[in-house]
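A short reminder: the numbers here are calculations on the coordinates, not readings from a lab. Since this is a predicted model, take the numbers as computed values, not measurements. Cβ atoms come from the backbone with ideal geometry, glycine included; neighbour counts cover every protein chain shown.
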Amino acid sequence: MKITEVRVYSKQLPMASGYNMSSAAVGDPETTIVQIVTNTAHIGWGEICPTGPLPQSEHAGSIQADLALLGPALIGLDPRRLGLVHDATTSTMDGGHGAKSAVDIACWDLMGKAYGERICDLLGGARMDPVSTYYVVPIGTPDDSATLAQNLQNAGHTKLQLKAGGRHIDQDIAVIQAVTETIRPGVDLFVDCNRGWTVGEAIQVSQACAHLKLAIEQPCATYAECAIARPHLRHPLLLDECADSLATIATAIGTGVADGFGMKLTRVGGISAMRAIRDLCEATNTPTSCDDSWGGDIIAAACVHVGATLNPNLSRGAWISDPYQVAHYDEKHGPRIVNGTIAVPPGPGLGITIPSGYFGSPIASYS
Ligand code: 0XW
Ligand code: MG
């Protein structure tokens, strides 16, 4: 099997409903699609969709520019030889983690299709199917947030992520207290600030809520700030945005800074890198989620396939943007949340089928 062409598509993903967090509100983000074609006529799909240029450093323009470098370097390679693909991309450019991740996902899709296996089965088998997920309670008032939390628990959700930050911490504390009062036995709550608090604010919020059962996700902007805050927090600390490599994650675990992670496949290098992080977390009894920033059925399927192979006792869920999407690429098997869980797509590779021409004409092609 040899790669003969790499096609890149761009698609705006209109929002079915609003979504906010401390760093920015999400507004119709642009997703970048990678389609890898082989001499055996197999097609592999990859995707990366930042929520916008504010919550993370990469954006559609930088990703598509990176793919202009990476595309030609892939031609002639066997996509099943993931280590050699990795060598080709890392010897082409130092950065470009997002674009490299989308390529990695497409290669895993091709490998599954070549061998007739689902990606989760290539990764060792599904330990969960359907896969657990978590649902976001956006930044809002105490009453609205508590009502939504109630409704989500009524719908079967057992993991809730409450957004915070971007306002006075007294407002965050009031919402945290109101939502916590609704949390039922067996339901986990974590407060995700998306880097919105200073070290002092994180400590103040945690101290003020010390009697409440919750975890705190990415309270401060940087790894260093989170490490400084950690000994003063009264709650487990989950790292997300600053957990940007296996090395950082190993350090965070080894030094006791992180009690868990909110992971993004395309921040760390795709499915291959997330497999290593999964295994490190299992070896150290560290919980992790398996997410990505945004995107459609391709990135959702990648998150669900890897999420299915997490140790169920350590899974913080696989988040997908399905509730905010107006349509699925694959209306039949595109991943969707039902009663708080997500079924693993059934077919080989990612397990989804995308209608011919769905993404229009490619914005670039490399062969
Ligand atoms: C909930 N997410 C996975 C979706 C948005 O990109 C933010 C992110 C998070 O964990 O904050
Ligand atoms: Mg997060």
>> Among DSSP bridges having both ends in the chain, what percentage is antiparallel? Round to the nearest 5.
In response: 55
> Measuring from the lowest to the highest alpha carbon on each principal axis, how far does the stretch 147-219 reach, largest first, in angstroms?
Replying inline: 35, 22, 17
> Once Lys and Arg get +1 and Asp and Glu get -1 on their Cβ, which of ALA250, ILE63, PRO50 lies farthest toward the positive end of the dipole of the chain?
Replying inline: ALA250
> Residue separation times 0.36 nm, minus the C-alpha to C-alpha distance between ALA155 and ALA65: what's the value?
Replying inline: 28.2 nm
> Rounded to two decimals, what is Rg over Rh for the stretch 188-254 when you use alpha-carbon atoms and the Kirkwood radius?
Replying inline: 0.95
>> Whole-Hz ³J(HN,Hα) for each residue in the stretch 240-256, computed from phi via Karplus 6.51 cos²θ - 1.76 cosθ + 1.60 with θ = phi - 60°, x for glycine and proline: what do you get?
In response: 10, 3, 8, 8, 10, 6, 4, 5, 4, 5, 4, 5, 4, 6, x, 9, x
> Once the Cβ-Cβ distance between LYS332 and HIS232 is put in as r, and R0 is 51 Å, what FRET efficiency do you end up with, to the nearest 0.05?
Replying inline: 0.55
> Which whole-number percent is the relative contact order of the chain (Cα, under 8 Å, 6+ apart)?
Replying inline: 22
> What dipole magnitude, in Debye to the nearest 20, does the stretch 1-103 give about its Cα centre under +1 on Lys/Arg Cβ and -1 on Asp/Glu Cβ?
Replying inline: 280
>> Just to check I understand the Karplus step: with θ = phi - 60° and J = 6.51 cos²θ - 1.76 cosθ + 1.60, what whole-Hz values come out for the stretch 65-82, glycine and proline as x?
In response: 5, 5, 5, 5, 7, 6, x, x, 6, 8, 4, x, 7, 8, x, 7, 8, 4
>> Give me the mean projected area, in nm² to one decimal, of the convex hull enclosing the Cα positions of the stretch 224-329.
In response: 6.9
> If you take the square roots of the eigenvalues of the alpha-carbon gyration tensor of the stretch 146-274 and sort them as a ≥ b ≥ c, do you get rounded (a/c under 1.5), prolate (a/b over b/c) or oblate?
Replying inline: oblate
> Which one of ALA208, CYS193, TYR134 has its Cα pushed farthest toward the positive end of the charge dipole of the stretch 81-212, where Lys and Arg give +1 and Asp and Glu give -1 at the Cβ?
Replying inline: TYR134
> Which value in nm describes the separation of the simple spin-label points at LEU314 and ALA250, placed 7 Å from the Cα toward the beta carbon?
Replying inline: 1.5
>> Could you tell me which residue out of LEU160, ALA99, ILE176 lies farthest along the dipole of the stretch 86-186 toward its positive end? Charges go on the beta carbon: Lys and Arg +1, Asp and Glu -1, centred on the Cα centre.
In response: LEU160
> How large is the dipole of the chain about the Cα centre if only Lys and Arg carry +1 and Asp and Glu carry -1, each at its Cβ, rounded to the nearest 20 debye?
Replying inline: 500
> When N is the residue count of the chain, what does its C-alpha Rg come to as a fraction of 2.2 N^0.38 Å?
Replying inline: 0.95
> Contour minus end-to-end for SER361 and ILE75, with contour as 0.36 nm per residue of separation and end-to-end as the Cα-Cα distance?
Replying inline: 100.9 nm
> Do the alpha carbons of any pairs in LYS163/LYS332; LYS11/LYS213; LYS159/LYS332; LYS2/LYS100 sit beyond 29 Å of each other, and which pairs?
Replying inline: LYS163/LYS332; LYS11/LYS213
> By how many degrees, between 0 and 90 and to the nearest 10, does the Cα long axis of helix 199-208 differ from the longest principal axis of the chain?
Replying inline: 60
